[in-house]
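> My questions all concern the structure below.
The values are calculated or read from the model by the stated rules, or taken from the named source; none is laboratory data. Here the structure is a predicted model, which is why all the values come from computation and not from measurement. Ideal geometry is used to build each Cβ from the backbone, glycine not excepted, and the neighbour counts take in all protein chains shown.
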């Protein structure tokens with residue numbers, strides 16, 4: 001009989017893409033493994049996972065809404081409903097193991113699996129563990145982390161330091177700069193800036209670019225601008241007719257974007273950093289200020305301390321971001337320094353390490 005594994009979680013690219021990388025690594029070791037994803041209905045995973053070739057079942061779950069307490073009234077009912085849905089999924093699929101990658105949907109799936117003595121594994125990408133993962137970690141078999149400072153969140157004997165899985169399309173990319181730039185219809189001769197606020201976009205980065213959009217043309221720069229859905233229409237409007245700018249709400253071929261980029265503007269989530277280390281690019285980080293325990297600031301600061309990135313605070317972005325980018329675009333020595341130092345931190349086989357650990361444990 002083939003091994004069956006459920007991978008649960010999602011919400012953002014930072015959870016979904018590592019989950020798909022782990023699934024691919026499991027299938028590479030043993031193509032007969034059956035993998036089922038469980039995600040939250042109406043979240044990004046319901047689109048991205050099928051695109052990667054895997055089956056996903058959605059459950060009705062939502063997180064705690066900190067900005068509007070009245071919206072949390074239905075939360076206990078959603079939680080109960082999600083547990084009933086999970087019960088049915090697990091009863092029907094009968095997994096040999098369940099892997100949680102973070103996001104709302106991972107909690108009921110791993111909690112129910114633990115109650116049924118099904119081996120559970122957690123991948124915690126951040127330097128500060130989420131509350132759900134801390135709770136689940138007590139009964140998990142192993143917890144895969146990116147850093148060595150996670151003993152304050154999880155039992156030390158369960159921690160396996162693997163780094164963060166990077167999408168295979170990025171880790172194994174052979175696309176050169178010119179090919180990447182042509183993909184976006186831009187000019188290979190010009191310096192190219194990539195702006196990515198993560199899969200959901202970044203308000204401060206988008207507004208800073210929007211307010212200073214003409215600075216790119218004035219300084220002979222091109223821009224590949226991933227805006228997220230909320231800012232997409234406005235970005236299209238203000239860049240109409242500007243041949244030096246490509247913009248869309250989402251970049252499907254991120255490997256082309258990284259190949260094209262001479263400089264990157266990015267949030268500093270753990271997965272973004274893992275990919276940027278592999279892509280080996282000079283980066284200006286604008287940490288998301290409302291991340292739990294301000295972990296994006298901690299992530300970015302670690303790189304700045306190693307001269308592997310530049311940091312601009314979210315509330316300074318409007319004033320400082322574009323002038324910093326322009327200055328960096330004219331400083332080849334600084335670009336090369338940042339590239340070399342961030343490249344030293346790359347881990348390309350985290351997905352394989354995690355897949356092997358899971359299979360060695362359950363077989």
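> Just one of (1) crowded, with 22+ Cβ neighbours inside 10 Å; (2) touching a helix residue (DSSP H, G or I) at 6+ places or on another chain (Cβ under 7 Å) trips up residue 133, so point out which.
(2)
> Also: Considering only residues that are at pLDDT 95 or above, assigned to a helix (DSSP H, G or I) and in contact with a helix residue (DSSP H, G or I) (Cβ under 9 Å, 6 or more places away or on another chain), which ones fall in the range 210-233?
Matches in the range 210-233: 210, 211, 215, 216, 218.
> Still on this structure, please answer the following. Checking residue 348 against (1) under 30 Å from residue 31 (Cα atoms); (2) assigned to a helix (DSSP H, G or I); (3) touching a residue at least 24 places away in the same chain (Cβ under 8 Å), only one condition comes out false. Which one?
The single condition residue 348 does not satisfy is (2).
> Scanning the range 12-61 for residues that are touching a helix residue (DSSP H, G or I) at 6+ places or on another chain (Cβ under 8 Å) and in a loop (DSSP other than H, G, I, E, B), which turns out nearest to residue 121 (Cα to Cα)?
Among those that are touching a helix residue (DSSP H, G or I) at 6+ places or on another chain (Cβ under 8 Å) and in a loop (DSSP other than H, G, I, E, B), it is 33.
> Restricting to the range 301-318, count the residues that are assigned to a helix (DSSP H, G or I) and either closer than 20 Å to residue 280 by Cβ or free of Cβ contacts under 8 Å to residues at least 24 places away in the same chain (or both).
Residues that pass the stated criteria total 6.
> Can you tell me which of 357, 275 is more than 19 Å from residue 222 (Cα to Cα) and assigned by TED's automatic domain parsing to the domain that holds residue 44?
Numbers: 275 fails: assigned by TED's automatic domain parsing to the domain that holds residue 44.
None of the other options fit; the residue is 357.
> Does residue 266 count as assigned by TED's automatic domain parsing to the domain that holds residue 209, touching a strand residue (DSSP E or B) at 6+ places or on another chain (Cβ under 9 Å), closer than 20 Å to residue 334 by Cα and in contact (Cβ under 8 Å) with a residue 24 or more places away in the chain?
Criteria met by residue 266.
> Also: Across the range 236-253, which residue is surrounded by the most Cβ atoms within 10 Å (Cβ to Cβ) among those that are closer than 27 Å to residue 342 by Cβ and in contact with a strand residue (DSSP E or B) (Cβ under 8 Å, 6 or more places away or on another chain)?
Checked the range 236-253; the qualifying residue surrounded by the most Cβ atoms within 10 Å (Cβ to Cβ) is 247.
> Can you name the condition, by its number, that residue 38 falls short on among (1) at pLDDT below 95; (2) within 30 Å of residue 268 (Cα to Cα)?
Checking residue 38 against (1) at pLDDT below 95; (2) within 30 Å of residue 268 (Cα to Cα), the one that fails is (1).
> Of all strands (runs of 3 or more DSSP E) completely enclosed by the range 91-190, which ones contain at least 1 residues that are free of Cβ contacts under 8 Å to residues at least 60 places away in the same chain?
Output list reads 120-124, 142-145, 159-161.
> Within the range 272-282, identify whether any single residue is surrounded by 15 or more Cβ atoms within 10 Å (Cβ to Cβ), closer than 21 Å to residue 207 by Cα and modelled with pLDDT under 95, and answer yes or no.
Yes, some residue in the range 272-282 is surrounded by 15 or more Cβ atoms within 10 Å (Cβ to Cβ), closer than 21 Å to residue 207 by Cα and modelled with pLDDT under 95.
> Okay, moving on. Among the residues of the range 258-294, what is the count of those that are part of a helix (DSSP H, G or I), farther than 26 Å from residue 319 by Cβ and within 17 Å of the chain's Cα centre (by Cα)?
Residues that pass the stated criteria total 9.
> Moving on to the next point. If the Cβ limit is 6 Å and pairs must be 6+ apart or interchain, which residue in the range 229-240 that is closer than 19 Å to residue 215 by Cβ pairs with which residue that is assigned to a helix (DSSP H, G or I)?
Listed pairs, sorted by first residue: 231/206; 238/210.
> For the range 162-196, give me the residue count where each residue is exposed (fewer than 14 other Cβ atoms within 10 Å of the Cβ) and closer than 22 Å to residue 15 by Cβ.
So the answer is 1.
> Going through the range 326-337 one residue at a time, which ones are touching a helix residue (DSSP H, G or I) at 6+ places or on another chain (Cβ under 8 Å) and free of Cβ contacts under 8 Å to residues at least 60 places away in the same chain?
Listed by number, the list holds a single entry, 334.
> Within the range 197-209, take every residue that is surrounded by fewer than 23 Cβ atoms within 10 Å (Cβ to Cβ) and more than 21 Å from residue 262 (Cβ to Cβ) and give me the one that is modelled with the lowest pLDDT.
Ranking the candidates gives 200 first.
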